[in-house]
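Novice: Take a look at this one; I'll ask things after.
None of the figures in this text is laboratory data; all of them are computed from the coordinates on show. Just so you know, these numbers come straight off a predicted model, no measurement behind them. With ideal geometry, Cβ positions are generated from the backbone for all residues, glycine too; neighbour counts draw on all protein chains shown.
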Number of protein chains: 2
Amino acid sequence: MTGEAPEAMIASAVKLLAKHGFQATTFSSVLKDSGAPRGSIYYHFPEGKDQLIAAAVDLAGDRALAFTDSFRGLPATEVVDAFAGLWRAVLVRSEFSAGCAVLAVTVSADVPGLVDRAAAIFMSWRERLGQALEEAGIEAASARALALTIIASCEGATVLCRAERSLEPLDVVAAHLRGLVAASAPPS
Amino acid sequence: MTGEAPEAMIASAVKLLAKHGFQATTFSSVLKDSGAPRGSIYYHFPEGKDQLIAAAVDLAGDRALAFTDSFRGLPATEVVDAFAGLWRAVLVRSEFSAGCAVLAVTVSADVPGLVDRAAAIFMSWRERLGQALEEAGIEAASARALALTIIASCEGATVLCRAERSLEPLDVVAAHLRGLVAASAPPS
DNA sequence: GTCTATACGAAGATAGAC
DNA sequence: GTCTATCTTCGTATAGAC
């Protein structure tokens with residue numbers, strides 16, 4: 001089926017970005033991880049590495065977005081736990097060796113177009129998470145502000161968890177976030 | 001004076017880590033930025049690049065630590081603003097092209113020793129910021145938990161600010177953090 | 001302390017055969 | 001679609017002169 005090899009490469013790129021960042025996500029490592037053939041790199045990605053990374057950033061963004069959409073209908077504090085749980089799962093599954101691919105691209109890619117793409121992903125997360133909070137009964141402006149804080153603090157906590165090889169940062173942050181959200185949410 | 005060239009290289013490494021991450025912080029770029037002579041790299045850093053980066057991580061950590069110590073005596077909400085202000089200054093001065101060197105090493109260095117070093121830095125920040133909050137009247141356990149959340153969310157917000165080229169994430173997060181801290185602090 | 005020269009590997013990318 | 005071969009550039013690191 002057409003499109004299988006490139007898809008596998010993009011998925012591997014997401015994994016490698018989350019683990020080692022932009023420069024360390026090389027064609028060699030992507031091929032090794034995905035099992036894709038070396039000869040067709042520039043057939044599938046004529047613009048080279050930047051094109052592959054751009055696709056990987058989009059995939060990482062879409063995955064989180066799809067996950068966020070599954071929060072619809074949850075009470076506000078459970079939305080917080082679900083989002084934190086996404087990062088907890090990434091950390092545990094990787095034994096604290098992986099984090100957020102979009103964050104990694106933001107801080108280690110020098111290509112402006114990729115950073116812009118990362119910004120668009122963060123914005124899309126903000127909007128959808130804000131919607132989920134709004135549907136949980138939080139007023140619109142507060143919901144958008146809270147969504148931003150939830151994303152920023154979970155991203156930061158995930159980095160601290162990786163460094164310290166512990167879930168404590170994410171757990172502590174999530175507890176504070178629940179308090180923040182509960183203060184704006186209607187009583188359940 | 002002995003030690004000037006290596007110091008300049010370490011300072012440049014901090015800057016380059018904050019801007020481009022671990023792999024992109026090469027000897028070439030460090031020499032170019034610092035003006036240090038190429039011939040003495042391995043005289044000053046016999047263990048090579050990892051030794052330089054380790055020194056840079058320590059310097060970045062110590063700088064933030066010294067800054068955090070200047071918070072002693074401030075009311076709790078002002079401690080939040082001061083810490084957020086540190087990152088705001090980094091973003092503005094670099095026109096949104098730099099962030100935290102310690103975070104960059106955590107997510108883009110594959111050398112375990114360097115990640116451990118980054119973890120130690122984060123821990124030292126947690127302790128000192130916790131002390132500052134405790135001196136502002138917050139109960140010990142709460143102060144330590146709040147310090148962790150402040151660090152994690154400012155780190156994450158700084159990444160979002162870089163991506164979006166805007167201070168909004170940091171401003172929104174700081175406002176939420178002030179609320180969180182005020183709820184635990186004695187009335188001023 | 002600083003230099004040049006050099007070794008070695010790995011990166012991204014291109015050309016052309018199959 | 002996939003291969004091999006090759007080019008160029010750049011990275012870390014070492015050796016030895018000054």
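Novice: Provide the gained length on full extension for the span B:Val111 to B:Glu4, in nm with one decimal, where the gain is 0.36 nm per separating residue minus the Cα-Cα distance. Don't skip to the answer; put the middle values down first.
Specialist: Values: separation 107, 0.36 × 107 = 38.52 nm, distance 2.68 nm.
35.8 nm is the gain from fully extending B:Val111 to B:Glu4.
Novice: Taking a point 7 Å out from Cα toward Cβ as the label site, list the nm distances between B:Pro187 and the same residue in every other copy, smallest first.
Specialist: Taking the point 7 Å beyond Cα along Cα→Cβ, the inter-copy spacings are 2.4 nm.
Novice: Given Cβ point charges of +1 (Lys, Arg) and -1 (Asp, Glu) and nothing else, what value in debye, to the nearest 20, does the dipole of region A:57-188 about its Cα centre take?
Specialist: Numbers: 11 positive and 16 negative charges, 23 e Å.
About 100 debye.
Novice: Also: Pull up all non-local amide H partners of A:Leu74: gap of 5 or more, or a different chain, and H-to-H distance under 5 Å with H placed in the peptide plane.
Specialist: none
Novice: Output wanted: per-residue J couplings in Hz (rounded whole) for region A:3-14, from phi through Karplus 6.51 cos²θ - 1.76 cosθ + 1.60, θ = phi - 60°, x for Gly and Pro.
Specialist: So the J values, rounded to whole Hz, are x, 6, 4, x, 4, 5, 5, 5, 5, 5, 4, 4.
Novice: Moving to a separate point now. Note the distances from B:Ser29 to each other copy's matching label point, with points 7 Å along the Cα-to-beta-carbon direction, in nm, sorted shortest first.
Specialist: Here B:Ser29 shows inter-copy label distances of 1.6 nm.
Novice: Distances in nm, one decimal, shortest first, from B:Gly85 to the same residue in every other copy, taking the label point 7 angstrom along Cα→Cβ.
Specialist: Label-point distances to the other copies, shortest first: 4.1 nm.
Novice: Here is the link list: A:Lys15/B:Lys15; B:Lys19/B:Lys49; A:Lys15/A:Lys49; B:Lys15/B:Lys49. Which ones come out longer than 19 Å on Cα distance? Numbers along the way, then the final one.
Specialist: On the way: A:Lys15/B:Lys15 27 Å; B:Lys19/B:Lys49 17 Å; A:Lys15/A:Lys49 15 Å; B:Lys15/B:Lys49 15 Å.
Flagged as over cut-off: A:Lys15/B:Lys15.
Novice: Here's a follow-up. Once the Cα gyration tensor of chain A is diagonalised, what are the square roots of 5 times its eigenvalues, in whole Å and ordered largest first, as equivalent ellipsoid semi-axes? Kindly include the intermediate steps, with their values, before the conclusion.
Specialist: On the way: eigenvalues 213, 59, 37 Å².
The answer is 33, 17, 14 Å, longest axis first.
Novice: Restricting to Cα pairs below 8 Å that are 6+ residues apart, what does the relative contact order work out to for region B:85-188? Please round to a whole percent.
Specialist: Numbers: 88 pairs, mean separation 30.2, N = 104.
Computed over region B:85-188, the figure is 29 percent.
Novice: Right, next: Among A:Leu129, A:Ser12, A:Ile151, whose Cα sits farthest toward the positive end of the charge dipole of chain A (+1 at Cβ of Lys/Arg, -1 at Cβ of Asp/Glu, about the Cα centre)?
Specialist: Going by the Cα projections, it comes out as A:Ser12.
Novice: While we're on this one: Per-residue mean of other chain beta-carbon atoms within 10 angstrom of the beta-carbon, peptide A:103-113?
Specialist: Numbers: counts 9, 5, 1, 10, 19, 11, 3, 5, 0, 1, 0.
Per residue, the average neighbour count from other chains is 6.
Novice: Separate question: With the dipole of the protein assembly as shown worked out from charges on the C-beta (+1 for Lys and Arg, -1 for Asp and Glu) around the Cα centre, which of A:Val57, B:Ala109, B:Tyr43 lies farthest toward the positive end?
Specialist: Value computed over the given set: B:Tyr43.
Novice: Average partner chain C-beta neighbours within 10 Å, per residue of B:168-179? Walk me through the numbers before you get to the answer.
Specialist: Values: counts 2, 7, 2, 2, 8, 8, 1, 2, 10, 4, 0, 3.
Per residue, the number of nearby Cβ atoms from other chains is 4 on average.
Novice: Something else now. For A:Lys32, list the aspartates and glutamates whose Cα falls under 16 Å from its own Cα; do not include residues on the same chain fewer than 8 positions away.
Specialist: Filter leaves A:Glu4, A:Glu7.
Novice: Suppose every K and R has +1 on its Cβ and every D and E has -1 on its Cβ; what is the size of the dipole of region A:1-80 about the Cα centre, in Debye to the nearest 20?
Specialist: On the way: 7 positive and 9 negative charges, 60 e Å.
Its charge dipole is roughly 280 debye.
Novice: Something else: I want to verify the translational diffusion coefficient of the protein assembly as shown in µm²/s; compute it with Stokes-Einstein, Rh as the Kirkwood radius over Cα pairs, at 25 °C and 0.890 mPa s.
Specialist: For the chosen part, D equals 116 µm²/s.
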